[in-house]
Amino acid sequence: MSYQPLSDSCSSQPGLSVPASPCGTQNPACLAERLVGVTEFLALLVIGWLLMHYLCTDTKGPNGADLGLPGFDSWYHARMSSMLPEVGLVREFPWLRFSYFTRTGHDFVSHHYGFHVMMLPFIKASEHFLGDAAPGARWAICTTFGVNLALFNLLLKAGGVRWRLLWLALILLMPHQFIMRSAHIRAIGPSLMFLMLITWLMFKRRPILTGLAIASYTHLYLGAVMYAPIIVATYAAAAAVGPAGQRHMPWKLVLITAGFWFLGVLTYPYAGGMLEFLRLQVFGTGLTPDIEVGGEWKPYEGVWWFTQMSAALLIVWTTAVVLRMRLGPNLDEKETTLLLLNFFFLLLTLKARRFVEYWPAFGLLSAAYMLAPVLSPLIERLERGWRSDEPQRGEVLRRVIIATLVTGAVALCGLGFFGGVAKFLLGDPRLTTVFGLAVVVTALGAAVGFLVRRLELWVVPVRTVLAAACLSAVGFGYPQWTEIRKSLRCGYDLKALRETMAYVREHSQPGDVIFTDDWDIFPVYFYHNTYNNYIVGLDPKFTHERRPDLWQRFVKITRGQTPCDITEPTPDENGKLVKKKLHVDLIDVREQFGAKWVITDRDHRSLANKLAKAKDIAELVYPVTSMSEAGEAEFLVFRVIWPEGRPAQGL
């Protein structure tokens, strides 16, 4: 039997004997199938939401009970989203005095503004009910993960992949950094969502909807300016070189999506600085950095470690390639597209580890599509045996449904009891997520039971229940997830940080500049204090590109390496960079950066000690007034001493 992918028509679904007619209101079986599809989508969304929520509910800081956010940039995105109704689309970014997003002037390019808009309903809901934006940011990223699971399932269906629950379970066994980074409040998760949506719409041959998705994607995340053309071009090339008799050039898709791409670019609020920003971000920071950049832009250092982390995916994908090469048939346009995208994102991942957020999904999809025609004959035989005796099958199915409902009820009661006891005695809320999942599984079992008895849909609903159980077992039972939860814990003592920022706000003027001890601390400071301004942040290149002299001054001062001499390109009177020999000293905090305050953490005691000794430059004011009393204080605040009557310079 030759392999034929499943179509949208119910007549192609196993176990249904209906005339071959298009789905619609006149075809009850197809209507029921659509209802099952919607139920399946919503069930996967909820399951994905709960699984990600499980990971995000262990983000307490080192010395406090407050739940925080994982990673560094998460705090920046949460605050930017929260500020949108009040400040609108920011055209300049005064909170960073020496970060420049374009070659000249102070124009700001918010390349995540669409992501901030997407999070806004979640952020405002959590601020209204809980008084804090952080929970809403977590809700948004949990929702994104759930949608990604549902879209992954839709792509499996579009490729005629059978037994999808097994592939859905496998996606939860992907490299732990894929799961971990999916929990960060960043645009990468929503970006993957749009990439899968665009791929699914192309495979369904919906060019106008594909174009609309591309235009929307461009506004969500500026990386779409590059990714969208690549993914469409890959599909077009795969269609043009496909198997004999299937080759074609999808000109309609190419032209329509190109038009919508231009529409997205032209209507982008920061279109004027778009190309310049991409050049700086992608090449200056990402692919060809000339200074020390964030760890996510670095490659994985150990090949063996990367192989171990990706073992499940590499084994499955390699098996798929070998079996497909051995048993055939030739790859069609969809399979070739996913294969090429798999290689594209793998190469990016080997170049910079941040792209591990894309590669596993497309690698697993590629494996599923290649294995589908190979495994289809075996699956057909198994399903034929399942349908061989309908009365007996109906009785077995009835027992499965009853067992599912009973098991769900027992799990609901048991987990509810033990979860409540654990939370009461140990103050541990982790089991409440499992409790919530038990409610969902039980409700889903009841809904599926009704559909099966009412509409006589035998195969798909049972798989939906099994998928829920399988995903739950894998998600909560796999040891990797416990380790991921630990790695997502907030690295800041949020109570101490809030108290520190409250002191600075109370004793400072609006816009006073705070000199920080590192560039990556900015997002969490910004989240808790937008009353004051800061020196550098978001990315070192945003300072180094225009003012390499200031960046090197910042590096030497924060590392406690002053006084010293450096030779760096420095702007002359015409703005041209000319190499000069410069003297760097602690007084530059005041004279070059115009800072009124300095905040140091426990990792930068060398800077704090130098400031404490420089009585004419700064004085320790919080939480103590002497370094001998500082002990293990998380944060130390110094007030910079300015000559009386002299305004701040260097601004």
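Determine, yes or no, whether LEU170 is open to solvent by 10 Å² or more (accessible area, probe 1.4 Å), among the hydrophobic types (A, V, I, L, M, F, W, C) and out of contact with any Lys or Arg (no Cβ under 6 Å at 6 or more places or on another chain). Here the answer is yes, as LEU170 does meet what is asked. Number of residues in the range 494-515 that are out of contact with any strand residue (DSSP E or B) (no Cβ under 8 Å at 6 or more places or on another chain) and surrounded by 17 or more Cβ atoms within 10 Å (Cβ to Cβ) equals 2.
When the range 113-132 is filtered for residues that are touching a Lys or Arg at 6+ places or on another chain (Cβ under 9 Å) and surrounded by fewer than 23 Cβ atoms within 10 Å (Cβ to Cβ), the ones remaining, listed by number, are PHE122, SER126. Applying the criterion of being within 10 Å of the chain's Cα centre (by Cα) and β-branched (Val, Ile, Thr) to the residues of the range 133-149, the residue that is surrounded by the fewest Cβ atoms within 10 Å (Cβ to Cβ) is THR144. Residue pairs whose Cβ atoms lie under 7 Å apart, sitting 6 or more positions apart in sequence or on different chains, and linking a residue in the range 42-69 that is within 12 Å of ALA183 (Cβ to Cβ) and outside any loop (DSSP other than H, G, I, E, B) to a partner that is of a type in the set (Ser, Thr, Tyr) and modelled with pLDDT under 75, are HIS53/THR433; TYR54/THR433. All conditions but one from (1) buried (at least 20 other Cβ atoms within 10 Å of the Cβ); (2) over 17 Å from PHE194 (Cα atoms) apply to PHE343; the one that does not is (1).
Against the conditions (1) farther than 30 Å from GLY242 by Cβ; (2) open to solvent by 20 Å² or more (accessible area, probe 1.4 Å); (3) modelled with pLDDT under 75, GLY394 satisfies every one except (2). Residues satisfying the criterion are absent from the range 88-97 (criterion: open to solvent by 20 Å² or more (accessible area, probe 1.4 Å), assigned to a helix (DSSP H, G or I) and either at pLDDT 90 or above or not basic (Lys, Arg) (or both)). Within the range 475-493, is even one residue at pLDDT 90 or above, open to solvent by 10 Å² or more (accessible area, probe 1.4 Å) and of a type in the set (Val, Ile, Thr)? No, every residue in the range 475-493 fails to be at pLDDT 90 or above, open to solvent by 10 Å² or more (accessible area, probe 1.4 Å) and of a type in the set (Val, Ile, Thr). Is at least one residue of the range 591-608 without any contact (Cβ under 8 Å) to a residue 12 or more places away in the chain, open to solvent by 10 Å² or more (accessible area, probe 1.4 Å) and either under 30 Å from GLY105 (Cβ atoms) or of a type in the set (Val, Ile, Thr) (or both)? No: zero hits. Answer with yes or no whether THR570 is under 38 Å from the mean Cα position of the chain (by Cα), in a strand (DSSP E or B) and under 24 Å from ASP520 (Cβ atoms). So THR570 does not fit the description; no.
For SER81, the conditions (1) in a helix (DSSP H, G or I); (2) in contact with a Phe, Trp or Tyr (Cβ under 6 Å, 6 or more places away or on another chain) are fulfilled apart from (2).
Residue by residue, here is whether (1) among the aromatic types (Phe, Trp, Tyr); (2) in a loop (DSSP other than H, G, I, E, B); (3) over 13 Å from TRP95 (Cα atoms) holds:
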| site | (1), (2), (3) |
| --- | --- |
| GLY491 | no, yes, yes |
| ARG498 | no, no, yes |
| VAL504 | no, no, yes |
| GLY511 | no, yes, no |
| VAL524 | no, no, no |
| PHE542 | yes, no, yes |
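Hey, could you check the range 609-634 for residues that are under 29 Å from GLU644 (Cβ atoms) and of a type in the set (Asp, Glu) and say which is surrounded by the most Cβ atoms within 10 Å (Cβ to Cβ)? That would be GLU619. Those helices (runs of 4 or more DSSP H) of the range 180-273 in which at least 2 residues are open to solvent by 10 Å² or more (accessible area, probe 1.4 Å) and within 24 Å of VAL356 (Cα to Cα), considering only elements entirely within it, cover 188-203, 207-220, 224-240. For the condition modelled with pLDDT of 85 or more and at negative phi, LEU375 does not qualify. From the list VAL321, VAL282, the lone residue that is modelled with pLDDT of 80 or more and out of contact with any Pro (no Cβ under 9 Å at 6 or more places or on another chain) is VAL321.
Find all pairs meeting these conditions: Cβ atoms under 9 angstrom apart; at least six residues apart or on different chains; first residue within the range 529-544 and closer than 15 Å to ILE514 by Cα; second residue assigned to a helix (DSSP H, G or I) and among the small types (Gly, Ala, Ser). Between residues of the range 529-544 that are closer than 15 Å to ILE514 by Cα and residues that are assigned to a helix (DSSP H, G or I) and among the small types (Gly, Ala, Ser), the close pairs are ASN529/ALA502.
The values are calculated or read from the model by the stated rules, or taken from the named source; none is laboratory data. All values reported here derive from a predicted model rather than from experimental measurement. Here Cβ is always computed from backbone atoms with ideal geometry, including for glycine, and neighbour counts include all displayed protein chains. In case anyone asks, the SASA skips ligands and DNA or RNA and just uses the protein heavy atoms, side chains included. Shrake-Rupley method; radii C 1.70, N 1.55, O 1.52, S 1.80 Å.
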